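Read-outs throughout are calculated quantities, based only on the coordinates presented, and are distinct from any laboratory measurement. Predicted, not measured: the structure shown is a model, and the values here were computed from it. All Cβ positions, glycine included, derive from the backbone under ideal geometry; neighbour counts span all protein chains shown.
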Amino acid sequence: MRVALICTDKPGALQIRMDNRPAHLAYIQSTGVVEMAGPFLDEAGNMTGSLIILSVDTLEAAEGWAAGDPYAKAGLFANVTLSEWKKVIG
């Protein structure tokens, strides 16, 4: 199943994101369940959140992946949404 992980950064948390970005990217590479991912941007081009599409067996597996993300462990996010997602185009 595919699960969309949609995260919004806490206001003023860009430095937390930048400090933890290498660990976050390494986590994506090492876990092997991320189908696609990228940051949301504000008008100035600064990262403000994340959209990650996970390919996992269960929603619980997606929840575990999200909890283990270095960004989440660093307290970057104001809110996190996990929702089963169906790819139609692309």
Candidate cut points under GluC sites (Glu not before Pro) in the chain, DSSP loop plus at most 14 other Cβ atoms within 10 Å of their own Cβ, are GLU43
Segment ALA37-ASN79, extension gain: residue separation times 0.36 nm, minus the distance between their alpha carbons:
13.4 nm
Distance in nm between label sites at ALA67 and LEU14, each 7 Å beyond Cα in the beta-carbon direction?
3.3 nm
From the phi of every residue in segment 5-19, what ³J(HN,Hα) in whole Hz does the Karplus formula 6.51 cos²θ - 1.76 cosθ + 1.60 yield, where θ is phi - 60° and glycine or proline is x?
10, 10, 10, 10, 5, 5, x, x, 9, 4, 5, 4, 4, 5, 5
At R0 = 22 Å, FRET efficiency that the Cβ-Cβ distance of LYS86 and ARG21 yields, to 0.05:
0.15
Return the aspartates and glutamates within reach of LYS87: Cα separation strictly under 19 angstrom, same-chain partners fewer than 8 residues apart disregarded; answer none if there are no such residues.
GLU35, ASP57
What percent does the relative contact order of the chain come to when contacts are Cα pairs within less than 8 Å and at least six residues apart?
50 percent
Inter-label distance, nm, simple model (7 Å from Cα along the C-beta direction), MET1/GLU60
1.1 nm
Overall dimensions of the chain by Cα: Rg and Dmax, Å:
12.7, 37
Diffing segment 35-47: the Karplus 3J(HN,Hα) column from phi (6.51, -1.76, 1.60, θ = phi - 60°), in whole Hz with x for Gly and Pro, holds 7, 7, 6, x, x, 7, 10, 8, 4, 8, x, 7, 6
Once you mark the trypsin sites (Lys or Arg not before Pro) that are in a DSSP loop and have at most 11 other Cβ atoms within 10 Å, what is the longest gap between them in the chain?
1-85
